[in-house]
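The values are calculated or read from the model by the stated rules, or taken from the named source; none is laboratory data. Every value quoted in this text rests on a predicted model; they were computed, and no experiment measured them. Counting neighbours? That spans all protein chains shown, and the Cβs are built from the backbone with ideal geometry, glycine included. Only protein heavy atoms, including side chains, enter the accessible area calculation; ligands, DNA and RNA are left aside. Shrake-Rupley method; radii C 1.70, N 1.55, O 1.52, S 1.80 Å.
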Amino acid sequence: MKRFAIGLLLSLLTTFAHAQCSGPFPNGYICGNNTGATTTAAPVPFSSFLSGLIVGTTTITGGNNQAPLFNNAGVLGNDLISSTWSTFLQTGTGTVTRTVQAKLTDTVNAIDFGITADASTAYSATFATTNATALMNALATGKCVYFPYNVNGYSFIGDTIAVSTSQCMVGENQVLMKSQPATSGYFIRITAFEVLFGPAIVQNFHIDMTGSGTTATAIRFGTSSAVVAGAQISQLLCTNAVECIGDETHASNYIVDIKMYDIRCLATRGRQIYSKRSRGFIWMDSIRIDQTAGSGQTVSPVTWASAQFDDVIGIELNRFDSVGPVTTTYQVGQTGLVITGAGTGQASIWLNRILIDNVSGNGITITNVDYIMANWLEVFANLGTGIDISLTQHSQFTNVFARGGVGLTGAAAGANGITCTVCLNTTWSNVISTLWTGQGIVFNDSTDNTITSVQSTANTGAGILEVGTANRNLFSGGILATNTGGNYTLLGVASRLDNFTFSGTQGTTGTPTNNNTCAGCIGEVISSTVVSGSAVALTTATTANMTSISLTAGDWDVTCDIHYNFGATTSITRLASSISQTSITLDQTAGQVVYYEVPAQVPSASIPITLKAGTPSQKLLAATTTIYCTSYAEFTISTAAVWGQLRARRMR
């Protein structure tokens with residue numbers, strides 16, 4: 001503007017130089033009034049010129065019959081308005097001259113199209129209709145429509161404003177926009193389809209939906225009409241909205257390539273963000289849904305999810321907060337974040353720095369999503385469950401913190417901290433789960449999952465609990481302590497728990513059912529039994545194998561129970577049994593062999609003699625090894641045979 005004003009003044013002086021004046025003039029004087037006559041005009045003081053120019057006390061004319069530059073009211077005359085010298089030249093090399101008119105139309109100001117600010121912060125029906133029409137006219141220019149800040153904001157009727165491909169509306173300092181659409185209505189509807197063109201943009205507004213219908217939406221994607229591809233919503237504050245951002249129901253249409261960042265939702269009246277169907281490239285950053293009284297929340301109880309994404313193919317969510325309300329009544333319908341995958345679960349989602357804090361219901365629910373990459377998930381002091389993951393595979397969860405409702409009034413009974421149901425090939429690391437009214441960590445019919453660096457403490461239920469015998473999981477490293485329901489219960493036949501520290505008054509909870517542990521796990525049992533009817537016949541003074549087993553590398557305790565059957569007239573003098581690593585050989589090492597020696601006698605044929613080798617015998621094996629239960633007898637007259645069981649249990 002300074003450059004423009006100086007240019008204007010110089011142009012005026014140039015105009016006067018062409019008037020019918022003669023000089024030289026005294027210092028401080030310029031050519032005076034000239035009505036276009038051929039006579040020379042008398043010079044006037046420059047101060048008088050400025051007075052006429054700025055204040056309008058004197059009519060100052062150009063010359064050569066030109067029209068007045070300024071009239072007595074100080075208004076710019078037609079000669080100056082239409083003259084070709086009214087141009088703009090940007091500073092710098094290579095700039096080109098443009099008319100001021102062209103320069104001023106580079107951007108579109110909403111006020112230029114007749115949009116009127118309200119007289120108060122309340123919704124104004126007086127301006128709402130004309131403002132909506134004016135905004136549509138401004139958007140039709142294809143230029144970005146700018147809304148200057150006004151303390152009272154602007155009012156608009158609902159179901160009118162549509163922002164399409166390459167259209168843009170930007171506010172100053174989150175200027176207030178008020179709308180009261182009826183039930184199922186909207187304030188702004190986005191219908192963009194960006195492929196080779198620019199996205200639809202809505203930026204830097206405070207949208208207040210006080211008085212809107214029970215299912216109205218502040219910003220809605222028009223998916224009932226077509227696929228919506230390409231939109232950016234940013235620096236947005238939603239207040240008193242039933243729904244801040246959502247889409248429309250359709251059998252196949254969806255949203256794709258959507259960016260939303262710096263979104264705040266306060267004083268909510270319903271679920272704030274709801275996507276019914278998306279097909280990837282959904283990026284959201286810095287989202288806060290605050291339903292605490294301190295943020296202006298007046299609707300109670302909150303019975304809805306804060307944000308929900310259904311039928312998802314791909315989404316990236318960074319710095320997402322759902323807070324409150326802080327109440328003393330559990331609400332089963334409230335969940336901080338809900339994500340459901342599409343179809344067979346072939347979806348990918350990225351979650352980073354997610355916080356669900358003090359909600360009256362549940363924390364995070366994710367189902368039917370195959371690939372989840374999550375880092376820094378926190379649920380804190382919620383009245384319901386913490387993190388509930390189901391039907392997922394090939395997913396990673398890192399830095400997970402879940403603090404439950406123990407000690408909070410209204411906390412739901414039996415609420416678990418972290419639950420993984422039908423999860424396959426997932427990894428969890430740096431996991432803390434504490435103070436839950438149910439179990440700390442639950443894996444339900446889940447296989448090939450690895451959970452490391454775990455702290456599950458002070459829970460009303462177990463620290464770690466498996467539900468269902470189909471589990472096959474590895475829990476490695478951490479602390480399980482002061483869990484009222486026991487530190488852990490593993491039901492999976494192949495599950496394993498390693499390198500944990502236990503403290504508190506609880507011990508390790510055993511399995512509550514009649515199942516075996518997994519191969520390679522502590523407590524694994526391998527045995528071979530020979531029944532009486534299949535007893536192995538002996539030859540006097542000759543060692544024989546009763547049976548054998550194959551043990552993998554590890555630390556095993558081995559025992560062998562041998563029962564000797566004799567004929568009615570058999571006379572015995574010596575019996576022996578051992579646990580041996582060599583076939584048909586007695587191991588004479590102490591603790592490996594047991595002897596029975598007597599003067600010649602005929603034992604009862606109906607009562608066998610039993611020897612027990614190993615008490616038990618420890619076998620430290622570096623590789624897979626065959627272990628034999630060998631037997632020996634010295635007898636005369638008739639027959640001898642052996643039967644029994646060779647048994648080993650993995651100790652560590």
Flagged in the range 444-475 as open to solvent by 40 Å² or more (accessible area, probe 1.4 Å) and assigned to a loop (DSSP other than H, G, I, E, B), in numbering order, are 445, 460, 469, 470
Evaluate the following for residue 475: is it aromatic (Phe, Trp, Tyr), in contact (Cβ under 8 Å) with a residue 12 or more places away in the chain and under 15 Å from residue 424 (Cα atoms)?
-> yes
First in the range 600-625 and under 20 Å from residue 643 (Cβ atoms) and in contact (Cβ under 8 Å) with a residue 40 or more places away in the chain, second anywhere and open to solvent by 80 Å² or more (accessible area, probe 1.4 Å) and aromatic (Phe, Trp, Tyr), Cβ under 9 Å, 6 or more apart = 611/595
Count - residues of the range 540-582 that are within 21 Å of residue 530 (Cα to Cα) and basic (Lys, Arg) | 0
Restricting attention to the range 323-364, the residues that are part of a strand (DSSP E or B) and buried (at least 22 other Cβ atoms within 10 Å of the Cβ) number exactly 11
When the range 427-443 is examined, which residues are found to be open to solvent by less than 40 Å² (accessible area, probe 1.4 Å), without any contact (Cβ under 8 Å) to a residue 40 or more places away in the chain, among the polar types (S, T, N, Q) and touching a strand residue (DSSP E or B) at 6+ places or on another chain (Cβ under 8 Å)?
-> 429, 434
Failed condition for residue 217, given (1) of a type in the set (Ser, Thr, Tyr); (2) open to solvent by less than 10 Å² (accessible area, probe 1.4 Å); (3) within 14 Å of residue 135 (Cβ to Cβ) | (3)
Only one residue in 111, 115 is of a type outside the set (Gly, Ala, Ser), assigned to a helix (DSSP H, G or I) and in contact with a Phe, Trp or Tyr (Cβ under 9 Å, 6 or more places away or on another chain). Which one?
-> 111
Say whether the condition of being under 20 Å from residue 523 (Cβ atoms) and of a type in the set (D, E, K, R) is met by at least one residue in the range 440-447.
-> no
Hey, among 627, 579, which residue is closer than 19 Å to residue 538 by Cα and either more than 58 Å from the chain's Cα centre (by Cα) or part of a strand (DSSP E or B) (or both)?
-> 579
Under the condition of being more than 28 Å from residue 522 (Cβ to Cβ) and part of a strand (DSSP E or B), which residue from the range 536-557 is least open to solvent (accessible area, probe 1.4 Å)?
-> 544
Scope the range 376-386; condition within 11 Å of the chain's Cα centre (by Cα) and either of a type in the set (Lys, Arg) or open to solvent by less than 50 Å² (accessible area, probe 1.4 Å) (or both); matching residues | 377
Within the range 419-441, is even one residue within 16 Å of residue 394 (Cα to Cα) and in a loop (DSSP other than H, G, I, E, B)?
-> yes
Which of the residues spanning the range 293-322 are part of a loop (DSSP other than H, G, I, E, B), more than 19 Å from residue 408 (Cβ to Cβ) and open to solvent by 30 Å² or more (accessible area, probe 1.4 Å)?
-> 296, 298, 299, 304, 313
How many of the residues in the range 91-142 are of a type in the set (Asp, Glu), over 18 Å from residue 179 (Cβ atoms) and surrounded by 12 or more Cβ atoms within 10 Å (Cβ to Cβ)?
-> 1
